[in-house]
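Right, one structure below, let's go through it.
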Amino acid sequence: MPYDGLTARFRFSCPVHEEERACLSAFRTVERLPGAVHPAVYDVRFACSCGEVHDGLVTHEDLDWAPLRAVAAPFYNVMTGRLEPAAEELTDQAASRIRRGLWPWSFFCYVEERPRPVFPSALRLVAPGGGRLVVAARCPSCQRTSVNLVSEEHLDVPFYSDREVEVMEHVFGLDGELDLAALAEELAAELAAGPFETTSRSLAA
């Protein structure tokens with residue numbers, strides 16, 4: 001499977017050391033490829049531990065739904081000294097959190113002025129910036145892209161959210177009109193110029 005539920009990492013190919021296990025904070029761009037529908041296929045550019053940025057192809061099923069599925073692999077229980085299944089316990093915990101209104105990943109939509117639950121496919125661009133991550137994501141409701149500054153844990157640890165995020169005060173176009181390369185250039189220029197003009201927004205439930 002391309003996704004490892006125990007480590008919350010995606011498996012990709014690397015020309016240097018064959019396999020790379022990348023967390024969401026290592027993603028740089030996520031772009032849906034035209035044509036494929038069932039399932040949809042995404043081109044993910046990710047920062048590899050070899051020092052390069054590579055492309056990997058991920059289906060919608062593996063990108064968005066695999067992190068929510070039960071973990072089939074057993075884990076080694078140091079208390080009992082045995083391999084034991086983790087699927088039932090982890091599934092129960094995830095279901096309990098979702099019933100309480102918690103989602104594995106959340107994002108603040110600047111246009112709607114409210115937090116929104118998102119899937120990894122909503123990510124458009126991720127870039128390191130001043131000890132945090134500059135993340136552009138598509139709102140599932142209004143389909144516009146907002147930019148948040150978040151911690152690495154906010155992306156990498158499912159069901160963990162920063163209580164507050166910094167939100168860039170800028171309205172981007174509708175998702176279908178958004179030029180990802182132009183967005184990357186614009187954010188790179190903003191980073192080079194200094195700190196973003198942002199305001200704090202709460203993601204607390």
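Every number in this text was worked out from the coordinates using simple rules, so none of it is lab data. This one's a predicted model, so the numbers in the text were calculated from it and none came from an experiment. Here the Cβ positions follow ideal geometry from the backbone for every residue, glycine too, while neighbour counts run over all protein chains shown.
Suppose a student asked you for the relative contact order of segment 106-202, using Cα pairs under 8 Å spaced at least 6 residues apart; what percent would you report? This gives 24 percent for segment 106-202.
Applying 0.36 nm per residue to the separation of Val171 and Glu197 and subtracting their alpha-carbon distance, the gain on full extension is 8.1 nm. Put in line by how crowded their Cβ is, counting other Cβ atoms within 10 Å and starting with the fewest, Leu187, Leu57 read Leu57, Leu187. Residues whose amide H falls under 5 Å from that of Ala36, counting only those 5 or more places apart or on a different chain, are Val41, with hydrogens built in the peptide plane.
Amide H contacts for Arg138 (H built 1.01 Å from N in the peptide plane; partners 5 or more residues away or on another chain; cut-off under 5 Å): Leu123, Arg124. Scanning residues 5 or more positions from Arg116 or on other chains, those with amide H under 5 Å from its amide H are Phe107, Phe108, Cys109, with H placed 1.01 Å from N in the peptide plane. Derived scalar couplings between HN and Hα for segment 149-160 equal 9, 9, 7, 4, 4, 4, 8, 7, 10, x, 6, 9 Hz in order, rounded to whole Hz, by the Karplus curve 6.51 cos²θ - 1.76 cosθ + 1.60 (θ = phi - 60°), x for Gly and Pro. Residue exposure proxy: Glu20, Glu113, Glu186, ordered by other Cβ atoms within 10 angstrom of their Cβ from fewest to most, comes out as Glu113, Glu186, Glu20. By the beta-carbon count within 10 Å of each Cβ, the least crowded to most crowded order of Ser25, Ser106, Ser13, fewest first, is Ser13, Ser25, Ser106. For the pair Glu153 and Cys23, the difference between a 0.36 nm per residue extended length and the Cα-Cα distance amounts to 45.8 nm.
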